[in-house]
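Before any comments, here is the structure.
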């Protein structure tokens with residue numbers, strides 16, 4: 001097998017790999033992208049986009065039901081078929097990645113369908129899905145974007161049952177009457193609320209002591225209360241002994257209680273898939289869970305890594321941000337290089353949970369002189385006007401010595417949008433004194449930030 005010399009090989013064409021491949025090809029480099037799955041990755045086909053279509057539909061139902069308090073009687077009849085059709089036709093094009101492929105090939109990227117394996121610095125072996133074999137030599141180097149897959153759980157009896165992950169639920173043509181969701185992270189909470197608003201009886205189980213564990217306790221408390229008020233049976237701090245399936249699911253808890261439902265969704269987060277891709281050939285351990293990188297995303301000789309495998313946040317925006325850094329490095333441009341002080345994230349429940357930077361606990365563990373303030377959204381001008389569905393908080397975490405914000409949370413209707421100002425403040429280290437001189441438009445949700453800022457000195 002003769003080796004083919006190229007400039008760059010991209011292993012994995014999720015959002016970050018796709019972005020890097022296109023930009024480098026447009027810059028005139030010979031780029032080969034390798035992926036055995038759908039080009040575009042998890043986000044457009046099984047994650048961000050289809051799930052947010054579900055959430056948008058569910059939120060519209062909830063808002064219609066609130067009309068009885070605000071404007072009059074409304075009769076709402078949920079119809080999941082509308083959601084399924086929109087995901088099938090608009091989000092995924094029937095799970096066809098041709099639009100992603102065409103965008104790359106139009107830019108000059110050559111795509112190989114198959115599994116790639118590192119074979120030394122700058123060398124990649126590809127086993128094509130069509131039985132072909134390829135040996136590639138990348139003179140500039142290799143970009144590793146291996147991504148993640150849904151995590152499994154070591155629960156007795158679970159393996160072999162037809163449980164769902166996010167990959168199955170985005171393809172649902174109809175909904176079950178009842179469901180157990182294991183895992184109350186962002187995915188579990190988002191899908192739980194969406195299905196409950198479509199009339200599914202949902203029990204949400206979380207082994208941690210609270211839902212949305214990585215978020216601020218105040219944020220978790222708000223979402224827990226909203227889900228409970230909407231009829232979800234939310235249970236945190238549970239231990240699951242086993243799962244059985246005989247047409248329906250039975251989940252046995254440590255206290256002997258059995259929770260039964262038509263379907264089971266496992267939303268236990270995601271795990272990296274780095275075994276078997278030849279890491280040892282480039283001087284790295286074969287059993288890595290995360291690939292360590294420097295500020296230029298370099299992971300080794302002629303090797304860069306982007307996306308979930310870097311451990312900097314399993315978010316599309318982080319992957320694409322990292323890809324832009326890699327493109328600059330490969331093209332010999334100056335920075336800026338990677339900076340993760342102000343990574344933002346949003347959980348798209350209703351209310352949305354937006355967060356940036358450090359939590360209060362992380363700031364204290366880092367040894368900072370921490371000052372904290374919490375403002376209540378229902379007590380804000382917009383929250384009072386909004387009335388129903390107005391739950392939420394603004395929480396600010398400040399460094400009292402430097403007088404800047406190091407973290408913030410925005411839990412509110414449109415909380416992800418309200419987060420914008422706070423993300424800029426953390427990223428640019430805008431002095432608290434400067435933030436206090438701003439004009440906060442009245443009456444908006446983001447005006448609660450002004451109240452929280454005032455509370456930092458109280």
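The values are calculated or read from the model by the stated rules, or taken from the named source; none is laboratory data. Quick caveat: nothing in here was measured; it's all calculated off a predicted structure. No Cβ is skipped: glycine too gets one built from the backbone with ideal geometry, and neighbour counts run over all protein chains shown.
Condition check for residue 201 on (1) closer than 22 Å to residue 150 by Cα; (2) surrounded by 15 or more Cβ atoms within 10 Å (Cβ to Cβ); (3) touching a residue at least 24 places away in the same chain (Cβ under 8 Å): one failure, at (1). Residue 38 - would you say it is in contact (Cβ under 8 Å) with a residue 24 or more places away in the chain, part of a loop (DSSP other than H, G, I, E, B) and surrounded by 18 or more Cβ atoms within 10 Å (Cβ to Cβ)? Spelling it out, residue 38 is indeed in contact (Cβ under 8 Å) with a residue 24 or more places away in the chain, part of a loop (DSSP other than H, G, I, E, B) and surrounded by 18 or more Cβ atoms within 10 Å (Cβ to Cβ). Scanning region 342-357 for residues that are over 13 Å from residue 410 (Cα atoms) and either buried (at least 20 other Cβ atoms within 10 Å of the Cβ) or modelled with pLDDT under 95 (or both) turns up just one, 342. Residues in region 380-406 that are closer than 23 Å to residue 217 by Cα and free of Cβ contacts under 8 Å to residues at least 40 places away in the same chain were compared, and the one that is farthest from the chain's Cα centre (by Cα) is 400. Of the residues making up region 435-452, at least one is under 30 Å from residue 49 (Cβ atoms) and surrounded by fewer than 16 Cβ atoms within 10 Å (Cβ to Cβ).
One residue alone among 323, 366 is outside the structural domain of residue 222 (by TED's automatic domain parsing) and over 30 Å from residue 10 (Cα atoms), and that residue is 366.
Residues that are under 22 Å from residue 404 (Cα atoms), in a loop (DSSP other than H, G, I, E, B) and touching a strand residue (DSSP E or B) at 6+ places or on another chain (Cβ under 6 Å) within region 328-358 comprise 342, 358, listed in sequence order. Residue 381 meets each of the listed conditions (1) at pLDDT 95 or above; (2) assigned by TED's automatic domain parsing to the domain that holds residue 400; (3) in contact with a helix residue (DSSP H, G or I) (Cβ under 7 Å, 6 or more places away or on another chain); (4) surrounded by fewer than 22 Cβ atoms within 10 Å (Cβ to Cβ) apart from (1).
Among residues of region 242-268 that are within 20 Å of residue 168 (Cα to Cα), those with a beta-carbon under 8 Å from a residue that is part of a strand (DSSP E or B) and at pLDDT below 95 at least six positions away or on a different chain give the pairs 266/150; 268/150.
Screening region 366-458 for helices (runs of 4 or more DSSP H) wholly inside it with 3 or more residues that are out of contact with any strand residue (DSSP E or B) (no Cβ under 7 Å at 6 or more places or on another chain) and within 25 Å of residue 347 (Cβ to Cβ) returns the ranges 381-386, 415-428. Within region 212-233, being part of a helix (DSSP H, G or I) and crowded, with 20+ Cβ neighbours inside 10 Å holds for 219, 220, 222, 223, 224, 226, 227.
Only a single criterion out of (1) surrounded by 15 or more Cβ atoms within 10 Å (Cβ to Cβ); (2) under 30 Å from residue 395 (Cα atoms); (3) out of contact with any helix residue (DSSP H, G or I) (no Cβ under 8 Å at 6 or more places or on another chain) is not satisfied by residue 236, namely (3).
Listed here are the helices (runs of 4 or more DSSP H) enclosed by region 67-180 that have at least 1 residues being under 27 Å from residue 249 (Cα atoms): 80-86, 166-169. Assigned to a strand (DSSP E or B) and over 30 Å from residue 145 (Cα atoms): does that describe residue 250? Against the criterion (assigned to a strand (DSSP E or B) and over 30 Å from residue 145 (Cα atoms)), residue 250 qualifies. Under the condition of being surrounded by 18 or more Cβ atoms within 10 Å (Cβ to Cβ), under 22 Å from residue 244 (Cα atoms) and under 17 Å from the mean Cα position of the chain (by Cα), the residues counted in region 162-181 number 3. Residues that are within 17 Å of residue 116 (Cβ to Cβ) and in a helix (DSSP H, G or I) within region 13-33 comprise 16, 17, 18, 20, 21, 24, listed in sequence order. Evaluate the following for residue 46: is it in contact (Cβ under 8 Å) with a residue 12 or more places away in the chain, touching a helix residue (DSSP H, G or I) at 6+ places or on another chain (Cβ under 7 Å) and under 20 Å from residue 348 (Cα atoms)? Judged against the criteria, residue 46 is a match.
For region 360-376, the criterion of being surrounded by 15 or more Cβ atoms within 10 Å (Cβ to Cβ), in contact (Cβ under 8 Å) with a residue 60 or more places away in the chain and within 24 Å of the chain's Cα centre (by Cα) is satisfied by at least one residue. Tell me, which residue of region 301-323 that is touching a strand residue (DSSP E or B) at 6+ places or on another chain (Cβ under 7 Å) and in a loop (DSSP other than H, G, I, E, B) is surrounded by the most Cβ atoms within 10 Å (Cβ to Cβ)? Ranking the candidates gives 306 first. Restricting attention to region 241-276 and to residues that are surrounded by 15 or more Cβ atoms within 10 Å (Cβ to Cβ) and modelled with pLDDT under 95, the residue that is farthest from residue 122 (Cα to Cα) turns out to be 268.
When residue 103 is tested against (1) out of contact with any strand residue (DSSP E or B) (no Cβ under 7 Å at 6 or more places or on another chain); (2) exposed (fewer than 14 other Cβ atoms within 10 Å of the Cβ); (3) under 30 Å from residue 291 (Cα atoms), exactly one condition is not met: (2).
If the condition is being touching a helix residue (DSSP H, G or I) at 6+ places or on another chain (Cβ under 7 Å) and part of a strand (DSSP E or B), then region 181-200 contributes only 181.
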